[in-house]
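These notes are about the structure you will find just below.
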Amino acid sequence: QVQLVESGGDLVQPGGSLRLSCAASGFTFSSYIMYWYRQAPGKEREFVAYITSGGGTINYAGSVKGRFTISRDNAKNTVYLQMNSLKPEDTAVYYCNGARFGVFIRSGGSWGQGTQVTVSS
């Protein structure tokens with residue numbers, strides 16, 4: 001059974017940091033491009049970052065570039081998102097996803113629970 005389980009979300013003050021984790025199972029993690037997405041209340045889900053299977057290529061949305069860092073540990077089947085200098089507009093539910101040959105593990109409207117990040121004083 002394919003599973004992606006996010007964790008690490010919390011309430012944090014502006015300027016603070018969080019590290020999100022996504023534990024993967026049920027598929028060959030090391031062969032997949034891994035992504036982070038987020039969805040703020042009342043808004044559509046948006047791309048945050050991706051990392052290729054071996055970690056050689058990384059890309060970020062402009063809104064998080066320079067503040068967030070995506071990484072992966074293929075031995076642990078886990079992808080991470082280090083978030084620094086957090087802003088209130090980073091408040092959202094964060095989700096991970098994986099893709100291989102253009103086919104995503106998660107698709108459609110509902111991607112499960114994700115992990116809630118709230119940035120507020």
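Nothing in this text is a laboratory measurement; each read-out follows from the coordinates by a stated rule. Since the model is a prediction, treat every value here as computed from it, not as a measurement. Note that each Cβ is placed from the backbone with ideal geometry, even for glycine, and that neighbours are counted across all protein chains shown.
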* To do: Divide, for the range 1-55, the radius of gyration over alpha carbons by 2.2 N^0.38 Å, where N is the residue count.
  => 1.33
* For the chain, what is the charge dipole size about the Cα centre, in debye to the nearest 20, if Lys and Arg each add +1 at the Cβ and Asp and Glu each add -1 at the Cβ? -> 180 debye
* Residues of type lysines that Lys87 reaches as a straight line, Cα spacing below 29 Å, ignoring anything fewer than 8 places off in the same chain -> Lys43, Lys65
* To do: Return the single residue from Gly108, Gly98, Gly16 with maximal mean-square fluctuation; model: Gaussian network over the chain, springs between Cα atoms under 10 Å.
  => Gly108
* To do: Starting at the first residue of the range 61-68, write each ³J(HN,Hα) from the Karplus equation 6.51 cos²θ - 1.76 cosθ + 1.60 with θ = phi - 60°, in whole Hz, x for Gly and Pro.
  => 5, x, 5, 10, 4, x, 10, 10
* To do: Quick one: grab the alpha carbon gyration tensor of the range 52-121, order the square roots of its eigenvalues as a ≥ b ≥ c, and give me rounded if a/c is under 1.5, else prolate or oblate depending on whether a/b is larger than b/c.
  => oblate
* Cα shape, the range 26-70, gyration tensor, a/c 1.5 rule -> oblate
* **Choice from Lys43, Lys65, Lys87 with maximal GNM fluctuation in the chain (Cα, 10 Å cutoff)** => Lys43
* Quick one: if you take sqrt(5λ) for each eigenvalue of the C-alpha gyration tensor of the chain, what semi-axes come out, biggest first, whole angstrom? -> 23, 15, 13
* Structure fact -> Taking every other residue with Cβ under 14 Å from the Cβ of Tyr35 and scoring Lys and Arg +1, Asp and Glu -1, one gets +3
